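S.K.: For reference, the structure I am asking about is given below.
Derivation of every value follows stated rules applied to the coordinates shown; laboratory data play no part. Since this is a predicted model, take the numbers as computed values, not measurements. Please note: Cβ atoms are built from the backbone with ideal geometry, for glycine as well, and neighbour counts cover all protein chains shown.
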Amino acid sequence: PYTLLRKSVRRWTENHDEPFVFYFHVWELDPEQPRISAASSYNRVRHYRKLDKMEWILKENLQLYNFVDAAEFLGIKSEPSAVADGLSLESRNLNSKVSTANVQPPATAGGSDIPVSIIIPCYNEEPTLPYLANTLKSLEEALSKNYQPEFIFVDDCSKDATFERLKELFGARENVRIVRHDINQGVAAGIMTGLRAARAEIVCSMDCDCTYDPHELEKMLPLLTDSVDLVTASPYHADGGVRNVPEWRLFLSKGASWLYRRVLRSKLDTYTSCFRVYRRSSVIDLNLRETGFLGVAEMLGKLDLRGGRIVEYPAVLEVRLFGFSKMKTARTIFGHLKLLSHLAKLRFFGNPGAIETSLQKENLEALSKKKKLAAEKRRWARIREK
């Protein structure tokens, strides 16, 4: 407590000739820093309590006492000798030349004509957005070497200042669009809204909280070849990983994956990740019953049942640093069981027309056009005979 610290400093200066030394952390100067929810309760109290007092604590001490640097107190000459000064200058020039020679010219933005749309659903994510803005800046620089990225933020009717913060941080950028739902619908509905708004055939979706490193998109995008419809991140892949996520959540998630492997054709390690790369034409016409977290698994399930090819990319899942998860555990568990039952019925007893693919539709349309053309030829043949 500062009351005790103030008395200690005053008592020291009255009774000792040696200087009183104290220090502070750089982060203590920022009372508005993001609150990391992954920290323990003890560390949150220790780290964030009374940050707003730091400024006047420093001002009070600077006004009450004389401060000097260590060199002045110890009587060390600060002026270097002429020889040392010359060596120092020469050394600085040499270092400058070396560092300049090693600098590579920055890559030119827009180096490729491949457009990519990146969808970021947001719901009550105000604490996360400043961190996200810095991450997306470096992601855009990395992707611009080979792609032309656009970012689509879908605010799912947030109750905090998420929408206003999005406009403040991203509203002025030409390659950013911000869409808002009138009512809260869920993360899957946000992804589908982004898919409908996307201008590109290659579309990515990512979590606003960056629990997966967005820079992994640079490696995931090339996996979406002409024969692939979806690339999904997988922390449970043999080469993936999980950090600091509670064991009970891992148990539930892996259990769900085990059940989905029994129902679906694609034998994956993870079915519920939001971090994905889509072929827009393969999923844009999906009719989802679920719009929240369950809808993310339903998208993959229905794409699998219609014959879509799905590829996994091993990734690392981190614990959420900012804000709090909106998923309701018990509701999600029962929801997955209900969804698994629905997908099983579609696969083993369902009407194939219920999961008709875009390719099937195109083939039917082409067949219909051929029939019409043949009928038209027969009609003109009869006219000529007459």
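S.K.: Could you give the distance between the Cα centres of region 195-262 and region 1-70, to the whole Å?
M.R.: That distance is 43 Å.
S.K.: Give the value in nm², to one decimal: projected area of the alpha carbon convex hull of region 134-244, averaged over all directions.
M.R.: 8.5
S.K.: How large is ³J(HN,Hα) for each residue in region 332-345, as worked out from phi by the Karplus curve 6.51 cos²θ - 1.76 cosθ + 1.60 (θ = phi - 60°), to whole Hz, x for Gly and Pro?
M.R.: 5, 4, 5, x, 5, 4, 5, 5, 4, 4, 5, 5, 5, 5
S.K.: Could you list which residues have their amide H under 5 Å from that of residue 241, counting only those 5 or more apart in sequence or on another chain, with H placed in the peptide plane?
M.R.: The list, which skips near neighbours in sequence, is 315, 316, 317.
S.K.: Calculate the dipole size of region 241-300 relative to its Cα centre from +1 charges on Lys and Arg beta carbons and -1 charges on Asp and Glu beta carbons; express the result in debye to the nearest 20.
M.R.: That gives region 241-300 a dipole magnitude of about 220 debye.
S.K.: Here's another thing I want to ask about it. Report the net charge of residues surrounding residue 115, where surrounding means a beta-carbon distance below 10 angstrom and charges are Lys +1, Arg +1, Asp -1, Glu -1.
M.R.: Local charge sum for residue 115: -2.
S.K.: Over 25 Å between C-alpha atoms is what I'm after, so list which of 267/302; 302/371; 254/345; 7/59 land there.
M.R.: 302/371
S.K.: Taking H as built 1.01 Å from N, whose amide H comes closer than 5 Å to the amide H of residue 209, not counting residues under 5 places away?
M.R.: none
S.K.: Could you list which residues have their amide H under 5 Å from that of residue 154, counting only those 5 or more apart in sequence or on another chain, with H placed in the peptide plane?
M.R.: For residue 154, the qualifying residues are 120, 122, 179.
S.K.: Let me check I've understood the local charge: for residue 283, count other residues with C-beta under 13 angstrom from its C-beta, Lys and Arg +1, Asp and Glu -1. What total comes out?
M.R.: +2
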